[in-house]
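Peer 1: Before I ask anything, let me first share the structure, which is written out below as structure tokens.
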Amino acid sequence: MEATKRDQVDALTRELAAVQLERDMLRTLFQTTPSLFAYKDRDFIYRAVNRPFCTFLGSPEEEIIGRTDFDLFPRDEAEIYRRDDTAILQYGHHQTQIEEVTGNREKRFLRVAKDPVVDSRGTITGILCTVIDVTLQRRAEESLRESEERFHILAEATFEGIIIHDQGTIIDANGAFARLFGYSRHELIGRNILELAAPESHQTILKHMRTNSEEAYEAVGVRRDGTPIHGELQAKSLPYKGRIIRVAAARDITRRKQMEEEREQLVMDLRNALSRVKRLSGFLPICASCKKIRDDKGYWNQIEAYISEHSEAEFSHSICPECTRRLYPDLSGLDKDDL
């Protein structure tokens, strides 16, 4: 009998020690975790808080225990907390939300998770609040959002087309780029940039993408209606949300290319015209007797042959009266109308 009682006492002692160990571990975890923990009873009175919670409020534990949210927070915030806590006690649902809370002299953003605490009989005895301070994350997100808004304002204000793409897939574009190709912004997002380029420009675009080139280059694009467009492109690689993206600017130079082609054609036409224009100038070495002309190669040419070659003049041959009398004296007595 004595042995049985001793065994029961030992077993109970071990169980109590195990329970105490578990309670100590939970208390240690409760106090050392960086998250904020608080327990409220059914009357919304704080019954337990950990050190991070006290630090957040800037008050020692003894000034928090036994009080309600109306004692610790501004009234408008406390009313919101009371409303949420009442719903949890009534329906027993888990609740998670981001709350803007007045902590130790400043506003903080907290991710607050609230769960009903249920005893062994299934009765809700209170509310366990688990709070994580996400102020830095929230401010970083707001800063990023403001930065993106400023970028969009700047992008929409520029006359150049601007796109952001990830390995060729468009993730954003400004209105100027959309109008340049005849699409809406939403139609462009998700497309590959090569879909907007003429086949002969694909390799040029891919080369600049692979090498992260920041040099300006020219490429031919294709509008929605199929018409070609000559563009000058320049891109830059930038880090964005943990990956590298490309921000590219496109300028329509179709009119400039047309003017260049027209100018080149005009120059070619002028050169062709000048090549057909022949004119004589300078001194001509001519024989005083036979009237032959010496060319650049030293050969003597008949005057009509030389002039025909170096000008647009053409010759028709006849005999003047003086030569007629000299060459054909028998005809010298004829009237000139008979010749």
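Laboratory data are not the source of any read-out in this text; all were calculated from the coordinates shown. Bear in mind the structure is a predicted one, so any value in this text is a computation, not a measurement. No Cβ is skipped: glycine too gets one built from the backbone with ideal geometry, and neighbour counts run over all protein chains shown.
Peer 1: Determine the calculated [θ] at 222 nm for the chain from helices alone, applying -39500 (n - 2.57) to every DSSP H run no shorter than 4 residues and normalising by the residue count; nearest 500 deg cm²/dmol.
Peer 2: Calculated mean residue ellipticity at 222 nm is -13000 deg cm²/dmol.
Peer 1: Assigning unit charges at the beta carbon (Lys, Arg +1; Asp, Glu -1) and nothing else, what dipole magnitude in debye, to the nearest 20, does the chain show about its Cα centre?
Peer 2: Computed about the Cα centre, the dipole is about 520 debye.
Peer 1: If you don't mind, another one. Given (1) 214; (2) 123; (3) 341, which label gives volume of the Cα convex hull per residue in Å³ as computed from the coordinates?
Peer 2: Here the calculated entry is (3).
Peer 1: Sort region 168-262 into rounded, prolate or oblate with this rule: let a ≥ b ≥ c be the square roots of the eigenvalues of the Cα gyration tensor; rounded if a/c is under 1.5, and if a/c is not under 1.5, prolate when a/b is larger than b/c, oblate otherwise.
Peer 2: Since a/c reaches 1.5 but b/c is at least a/b, the shape of region 168-262 is classed as oblate.
Peer 1: Suppose every K and R has +1 on its Cβ and every D and E has -1 on its Cβ; what is the size of the dipole of region 100-190 about the Cα centre, in Debye to the nearest 20?
Peer 2: Here the size comes out at about 400 debye.
Peer 1: For the pair LEU270 and ILE319, what calculated FRET efficiency results from E = 1/(1 + (r/R0)^6), where r is the Cβ-Cβ distance and R0 = 51 Å, to the nearest 0.05?
Peer 2: Plugging the Cβ-Cβ distance into 1/(1 + (r/R0)^6) gives 0.75.
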